[in-house]
Amino acid sequence: MHTFIPTKDELEEIIQKAVEKTVSDKLPEIIKKTNRKDYYTIEETCEILDVSRRHLQYLRDTEQISYVKNGRKIYFKAEDLDEFFNVNYIAAEV
């Protein structure tokens, strides 16, 4: 078994590549999370899901999507919208 002992320049290059890869992999997700709200109104949810208010009501009635009711106001968690998309995801056959 051989031991690899990098020079200072090689070590810096290895670390730089690892950091660049990590940042490029994680940055879009971090930006997405920081630019979005935690909860959405009915109107915002309809726009995000591209559905009518009536269809959103149907999704609530059939418990296909979770929601929060605060008095008369209804909100949808961003994580629940993500889950709704993931549950209904159909992968292409390659």
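The values are calculated or read from the model by the stated rules, or taken from the named source; none is laboratory data. Bear in mind the structure is a predicted one, so any value in this text is a computation, not a measurement. Cβ placement follows ideal geometry from the backbone for every residue including glycine, while neighbour counts extend to all protein chains displayed.
Details
- Residue in the range 4-27 that is of a type in the set (G, A, S) and surrounded by 10 or more Cβ atoms within 10 Å (Cβ to Cβ) present: yes
- Test: residue in the range 18-39 that is more than 16 Å from F85 (Cβ to Cβ), among the acidic types (D, E) and not in a helix (DSSP H, G or I): yes
- Check on T45, exposed (fewer than 10 other Cβ atoms within 10 Å of the Cβ) and modelled with pLDDT of 85 or more: no
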